[in-house]
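The values are calculated or read from the model by the stated rules, or taken from the named source; none is laboratory data. None of these values were measured; they are calculated from a predicted model. Using ideal geometry, Cβ is built from the backbone for each residue, glycine included, and neighbour counts are taken over all protein chains shown. Side chains included, ligands, DNA and RNA excluded: accessible areas come from the protein's heavy atoms. Shrake-Rupley method; radii C 1.70, N 1.55, O 1.52, S 1.80 Å.
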Amino acid sequence: MLRGYHLGCPVWGHKDWVGRFFAAGSQPDAFLRQYASVFNAVEGNATFYGLPRATTVERWAQDTPGTFRFCFKFPQTITHDRRLVGAAAETAAFLALLRPLGPRLGPLMLQLPPGFGPDDLPQLAHFLRDLPRDLAYAVELRHPAYFSGGDAEAGLDDLLTGLAMDRVIFDSRGLWDSDRSDPLVRAAQARKPRLPVRLTVTGRSPVVRFVAHAQMDANRWLLKAWADQLALWIGQGLEPFVFVHAPDEGLAPQLARQLHEQLSRRVDAGLLPPWPADALPAVRQLGLF
């Protein structure tokens, strides 16, 4: 069991994981259970595009242990279409739908569009102050002004610190150093921003979205640097969340395991269980005797 931090991928089900991470022959209805047997958190990107049924949320709770954390994104209708204006009803519906997950809810991520700049900061403050305080939140900004070291960044950090909400830390250095002749790299670069990495902590659970280099070996120095940073935060009593992305998401679990191995050399981060693809054959073999 992992200790001191939360580790996961951007999704809990990827078809290319079958036979590599998931047990061979696994069907989609088994993906979440198998994923949650290894990792203790996941990004919830699906809610950015649409809301699930209430029965689906109930099934998610049944398929995960109480120590697991879902970090869902606010719907784009709230963040991108309405830009936080007049979205009280949609926000209430989103939060009410997820509340049955109870302790399984990690920081809910408010990802704002690149054009959401300094002039919009008062609206962000108004929106955040109206959110229920019994849930956790993390905010991801993509406008360059929030990475300039100027008044906009200071105002954002002061706002989040005052509310004890976390700032999402986005690291796409590996992705943007990758070879653009790879179509997976080009597709990922079209979706991911290229912004400076900020290590600012404004709450108790820094949220890191790490997008890896397309070549596995090229991530060694990045993973080492993040292991150092995570060890520092854990030593300070913080409880970080780390989500590992890759241009080829089929490699995300392997990269996450490498990060955990690096971190475990620095602090007691617990044990990462074996992959379901590795563990289940041993169980079947024991059944022969």
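At-a-glance table
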{"quantity": "Carbon/sulfur fraction of accessible area - the chain, other protein chains in place, 1.4 Å, %", "calculated": "54 percent"}
{"quantity": "Whether the range 1-117 is rounded, prolate or oblate, judged on the alpha carbon gyration tensor where a/c under 1.5 counts as rounded", "calculated": "prolate"}
{"quantity": "Kirkwood hydrodynamic radius (C-alpha pairs) into Stokes-Einstein, the range 187-282, 20 °C and 1.002 mPa s, D in µm²/s", "calculated": "146 µm²/s"}
{"quantity": "Translational diffusion coefficient (Stokes-Einstein; Kirkwood radius from C-alpha pairs) of the range 37-94 at 20 °C, 1.002 mPa s, in µm²/s", "calculated": "170 µm²/s"}
{"quantity": "Cross-link reach list, lysines versus Lys73, counting only Cα pairs under 27 Å and skipping chain neighbours closer than eight places", "calculated": "Lys15, Lys192"}
{"quantity": "Cβ-defined net charge surrounding Pro65, 15 Å radius [Lys, Arg +1; Asp, Glu -1]", "calculated": "+4"}
{"quantity": "Net lengthening on full extension, Ala54/Gln76 (0.36 nm per residue, minus Cα-Cα)", "calculated": "6.0 nm"}
{"quantity": "Full-extension gain in nm, Val85 to Glu239, via 0.36 nm per residue minus C-alpha separation", "calculated": "52.3 nm"}
{"quantity": "Two-site label geometry, Ala187 and Arg204: point separation in nm, points 7 Å out along Cα→Cβ", "calculated": "4.0 nm"}
{"quantity": "Gain on full stretching of the segment that runs from Arg3 to His126 - 0.36 nm per residue minus C-alpha separation", "calculated": "40.8 nm"}
{"quantity": "Solvent accessible area, Å² - Trp221, 1.4 Å probe, full protein context", "calculated": "140 Å²"}
{"quantity": "The range 48-112 - accessible surface per residue (Å², probe 1.4 Å)", "calculated": "44 Å²"}
{"quantity": "Charge sum, other residues only, whose C-beta stays under 14 Å from Arg173's C-beta, Lys/Arg counted +1 and Asp/Glu -1", "calculated": "+4"}
{"quantity": "Kirkwood Rh and Cα Rg combined as Rg/Rh, the chain", "calculated": "0.96"}
{"quantity": "Per DSSP, loop trypsin sites (Lys or Arg not before Pro) in the range 30-89 with at most 11 further Cβ within 10 Å", "calculated": "Arg53"}
